[in-house]
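One structure below.
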Amino acid sequence: MEAFLDALGITALTMLALIGAVVGTILGKITGRSLVLYTVLGIIGAVALPFVLAAFGITILAAGGLLLLAVVAIIGAVLVLAIARAIMSRLNR
């Protein structure tokens, strides 16, 4: 995992956070829900998924470049936001 962090670097982490913030903001505006909550959850998802994949041994992200990392960040943000939306809708019943 430490090698993955070294390969990722601060630039990629910043990019992950920005992508997560953008995805969260867009989905927050589309759904009309809490913009701040969706932005924070988007950042968490975008930053977390590459680490989860690395923990499972999928290390192609380190060699795949920033474009692959951006795609994974978008997928991570959308997944976390979908899970959060499902949980919130379940709690509101």
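The values are calculated or read from the model by the stated rules, or taken from the named source; none is laboratory data. Note that the structure is predicted; figures quoted are calculated from it, not measured. Note that we place each Cβ from the backbone using ideal geometry, even for glycine, and neighbour counts take in every protein chain shown. Just so you know, the surface numbers come from the protein's heavy atoms only, side chains and all, with ligands and any DNA or RNA stripped out. Shrake-Rupley method; radii C 1.70, N 1.55, O 1.52, S 1.80 Å.
Yes or no, residue by residue, for (1) modelled with pLDDT of 90 or more; (2) assigned to a helix (DSSP H, G or I); (3) open to solvent by less than 30 Å² (accessible area, probe 1.4 Å):
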{"site": "4", "(1), (2), (3)": "no, yes, yes"}
{"site": "16", "(1), (2), (3)": "no, yes, yes"}
{"site": "24", "(1), (2), (3)": "yes, yes, yes"}
{"site": "78", "(1), (2), (3)": "yes, yes, no"}
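The test for being loosely packed, with under 13 Cβ neighbours inside 10 Å and either at pLDDT 90 or above or part of a helix (DSSP H, G or I) (or both) holds for residue 83. If you filter the stretch 37-66 down to residues that are over 12 Å from residue 81 (Cα atoms) and open to solvent by 70 Å² or more (accessible area, probe 1.4 Å), you find that the one that is modelled with the highest pLDDT is 56. The residues of the stretch 28-85 that are within 21 Å of residue 15 (Cβ to Cβ) and aromatic (Phe, Trp, Tyr), listed by number, are 38, 51.
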